[in-house]
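The structure under discussion appears below in the form of structure tokens.
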Amino acid sequence: MQTIVTTEDLAAFCETARGAPYVTVDTEFLRERTYYSKLCLIQLAIPETHGGEAVLVDPIEGEEMSLAPLVELFRDTSVVKVFHAARQDLEIFHVEYGVIPDPLFDTQVAAMVCGFGEQVGYETLVKRIAKAQLDKSSRFTDWSRRPLSDAQKTYALADVTHLRDIYEYLDRRLRDTGRHRWVVEEIAALTDPATYTANPEDAWKRVKTRTSSPRVMALVQELAAFRETYAQERNIPRNRVMKDDALLELASTKPQSMQDLGRSRLLLREARRGDIAEGILEAVKRGLEKPKEALPEADTSKDRQQVNPALADLLRVLLKAKTENAGVAPKLIAASAELDALASGERDLPALKGWRREVFGEDALKLCEGRIALSAKGRNVAVIEI
């Protein structure tokens, strides 16, 4: 097996790959100790019909190697770039190299559209489609350590060699069923650079809080923005700055001095002094001084929802019937909360757009408007026009 550590060898492989219809791609990375993922290895393979070459690209051993040839391959729209569960891989390439592979095919998304269940794992697809078994002994290895063992290299290459069979099977099935554009719609979010942009000003929206106090929410907003900025600038996990429970405690207690911080039950010891402590106190000060008209508003839409529980239950029955008939995972079309929102009258929902509307949304609206009914026939549920 070839391990590429020079720009020249990478360029040679990429030139060969540009003559193929697709290339399968995977990465190995570490993120436990950093904010951004540390790229440790890239695996690439081309179809058997075009030589079947499969390689490892080692940016750690090849520290002088430029990945520019790979970036150009990712930009070549004549070659499909095939990943499985691509989001974290794409984030690495976007953040580090400013590129998102185009066109993109994600076999996890395609498998859900083809009826393989919700967020189906690579190992499952290898068993069911490639009829092979994966050696899992290297799954939790430290990919940043060198040298890599033969077992590690074999494990890593299997992530792109079996992917060829999986891609070809799913691509054929999608074309046979006319669902290829369904996958294109789903992948649109993956190819949007905004998906991988972590704006500190929006970080508070990921913190789960039960408060409806605008002032406390302003403190959460400022503390979360400080945490995100601090973590990004130093490339450390945000939880190393402070965890969510500590952030919420600080938003509630509103510390205004180092002595106040020292009384926190949940704040990490190293966050009670130095740069982090000063940043926390400044964030609290900004939150307390924010003008009333600039305070964030609580999302009370869920509180205002008047969910019709009977209708919500009927929508769940309809969803189950429709997805079983279509052979797709129910959660790919609508989560339980979305069905409740639909039953409360909300209409700006993903389930009512694109291919989801064809499979479920049209009949869901008819059900909400009393234009269809559901009938049980044996083990099946039938839709009856009224």
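Filtering segment 125-147 down to residues that are in a loop (DSSP other than H, G, I, E, B) and under 16 Å from residue 160 (Cβ atoms), which residue is modelled with the lowest pLDDT?
Restricting to residues being in a loop (DSSP other than H, G, I, E, B) and under 16 Å from residue 160 (Cβ atoms), the top hit is 139.
Scan segment 216-239 for residues that are more than 13 Å from residue 205 (Cβ to Cβ), surrounded by fewer than 21 Cβ atoms within 10 Å (Cβ to Cβ) and of a type in the set (A, V, I, L, M) and jot them down.
216, 236
Among the residues of segment 220-243, is any of a type in the set (A, V, I, L, M), at pLDDT 95 or above and either under 29 Å from residue 139 (Cβ atoms) or touching a strand residue (DSSP E or B) at 6+ places or on another chain (Cβ under 7 Å) (or both)?
There is at least one residue in segment 220-243 that is of a type in the set (A, V, I, L, M), at pLDDT 95 or above and either under 29 Å from residue 139 (Cβ atoms) or touching a strand residue (DSSP E or B) at 6+ places or on another chain (Cβ under 7 Å) (or both).
Yes/no matrix, rows are residues, columns are (1) under 18 Å from residue 196 (Cβ atoms); (2) crowded, with 16+ Cβ neighbours inside 10 Å; (3) under 17 Å from the mean Cα position of the chain (by Cα):
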| position | (1), (2), (3) |
| --- | --- |
| 6 | no, no, no |
| 15 | no, no, no |
| 25 | yes, yes, yes |
| 35 | yes, yes, yes |
| 41 | no, yes, no |
| 57 | no, yes, no |
| 72 | no, no, no |
| 88 | yes, no, yes |
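Among the residues of segment 252-270, which ones are within 33 Å of the chain's Cα centre (by Cα), at pLDDT below 95 and in a helix (DSSP H, G or I)?
Matches in segment 252-270: 269, 270.
If a residue must be on the phi < 0 side of the Ramachandran plot and over 28 Å from the mean Cα position of the chain (by Cα), how many such residues does segment 340-361 contain?
So the count comes out to 1.
Could you tell me which of the residues 321, 335 is of a type in the set (Gly, Ala, Ser), under 25 Å from residue 114 (Cβ atoms) and touching a strand residue (DSSP E or B) at 6+ places or on another chain (Cβ under 8 Å)?
Within the list 321, 335, the selection yields 321.
Going by the structure shown, is residue 280 of a type in the set (Val, Ile, Thr), surrounded by 12 or more Cβ atoms within 10 Å (Cβ to Cβ) and assigned to a helix (DSSP H, G or I)?
It is true that residue 280 is of a type in the set (Val, Ile, Thr), surrounded by 12 or more Cβ atoms within 10 Å (Cβ to Cβ) and assigned to a helix (DSSP H, G or I).
Which ones in segment 148-169 are free of Cβ contacts under 8 Å to residues at least 24 places away in the same chain, among the small types (Gly, Ala, Ser) and part of a helix (DSSP H, G or I)?
Correct list: 151 only.
Going by the structure shown, is residue 196 among the aromatic types (Phe, Trp, Tyr), more than 30 Å from residue 110 (Cβ to Cβ) and surrounded by 14 or more Cβ atoms within 10 Å (Cβ to Cβ)?
For residue 196, the condition - among the aromatic types (Phe, Trp, Tyr), more than 30 Å from residue 110 (Cβ to Cβ) and surrounded by 14 or more Cβ atoms within 10 Å (Cβ to Cβ) - is not met.
Looking at the structure I just gave you, is residue 172 farther than 20 Å from residue 43 by Cβ, over 22 Å from the mean Cα position of the chain (by Cα), modelled with pLDDT under 95 and surrounded by fewer than 13 Cβ atoms within 10 Å (Cβ to Cβ)?
Here the answer is no, as residue 172 does not meet what is asked.
The values are calculated or read from the model by the stated rules, or taken from the named source; none is laboratory data. Everything quoted here is computed from the prediction, not taken from an experiment. All Cβ positions, even for glycine, are placed from backbone atoms using ideal geometry, and neighbour counts span all protein chains on display.
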